[in-house]
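What follows is a set of notes on a single structure, which appears directly below.
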Amino acid sequence: MRRRSAAARSVPPVVGHGVVRLVEHCRTGSAKPTIAAPLPLLDHASIGRPDGDLHAHSDVPLLATENVVALCWTIAMRLHSLDGVRRNAEAELARCQSARLLRTDAVILDTETTDLDGFCVEIAIISARTGLTILDTLVDPRAEISPEAAAVHGIAPVELSGAPTWPQIAAEVRAAISGRTVLAYNAQFDRAVLDREFTRAGLIAPAARWQCLAELRRRREGSDRRRRLDGGHRALGDCHSAREVLMSAARAA
């Protein structure tokens, strides 16, 4: 049986038990912990010390406790540094991806709907590279607009009188996005809208590569905070606002 050295035997297991939590404390704390920092992490009852006076007993030397704190602090600082490196790398990757997208034939798409899980009442598609409008039209959803959705985009049923239905614009939408990268500020939402509309029309949705600009923005800024567009909740305005996000993400810091 392998025997531990006398120095190793001098450090009680309970000290090591608190290392992970102490490292996390060091990572999130604003200052380096003092020698007293690990003491609340120790379960004194488990080692038969009801008074909790750690330094009064020779089996837990002060030097060993200081070494544990120093080790935790070193680990925490290295982990914090690695987190920073990772965030910086992701931000730079997002910048490069944004710059590349601005040089391709990618399009930016936005829809307004009758409800969160409803049908399209407006769609706009623009070129990511030039900002030129490819498609901008109201759409007759053949369904009622919920009051909540109307309060967001402000499109009234009377405005949809005479607007084309989805089957009437399906070919134009297909031509605009087939085989291209489609950028949307909430790609999951807009992609679901198109899938729903093509399915309802008895058509197969065109093949395209979808990418979320909201996620790209979060990676570029190194933040999980969700930010809204400034396009006024109309399809064309939101497309141009989303393109501003893309161009901003492509700029060097």
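Remark: region 204-220, residue by residue, has Karplus-estimated 3J(HN,Hα) of 8, 5, x, 6, 7, 9, 9, 9, 8, 6, 5, 5, 4, 5, 4, 5, 5 Hz, where x stands for each Gly or Pro and the curve is 6.51 cos²θ - 1.76 cosθ + 1.60 at θ = phi - 60°. Of interest is the spacing of the C-alpha centroids, which for region 168-186 and region 98-142 amounts to 7 Å. Remark: region 88-103, residue by residue, has Karplus-estimated 3J(HN,Hα) of 5, 5, 5, 5, 5, 5, 5, 5, 5, 5, 5, 4, 5, 4, 6, 9 Hz, where x stands for each Gly or Pro and the curve is 6.51 cos²θ - 1.76 cosθ + 1.60 at θ = phi - 60°. Remark on residue 208: its backbone amide H falls under 5 Å from those of 179, a criterion applied only to residues 5 or more positions apart or on other chains, H modelled at 1.01 Å from N.
The 3J(HN,Hα) values that the Karplus relation (6.51, -1.76, 1.60; θ = phi - 60°) gives for region 164-171 are, in residue order, x, 8, 4, x, 6, 10, 4, 5 Hz. Gly and Pro appear as x.
Under a Cβ-Cβ cut-off of 14 Å, what is the net charge of the residues other than residue 237 that fall near it, where Lys and Arg count +1 and Asp and Glu count -1? Walk me through the numbers on the way to the answer.
Working: positive: 228, 234, 243; negative: 110, 112, 122, 136, 230, 238, 244.
Charge balance in the 14 Å sphere: -4.
Compute the normalised compactness of region 102-250: alpha-carbon radius of gyration over 2.2 N^0.38 Å, N being the residue count. Write out the running numbers ahead of the final one.
Working: Rg = 14.7 Å, N = 149, 2.2 N^0.38 = 14.7 Å.
Working it through for region 102-250, the quotient is 1.00.
Between residue 96 and residue 143, the modelled labels are 4.2 nm apart [label points 7 Å from Cα along Cα→Cβ]. A simple count of charges around residue 179, restricted to other residues whose Cβ falls under 14 Å of its Cβ and scoring Lys, Arg +1 and Asp, Glu -1, yields +2.
Readers should treat all values here as calculations from the given coordinates under stated rules, not as data from a laboratory. The shown structure was predicted, so the numbers you read here are calculated from the model rather than taken from an experiment. Every residue, glycine among them, receives a Cβ derived from its backbone with ideal geometry; neighbour counts consider all protein chains shown.
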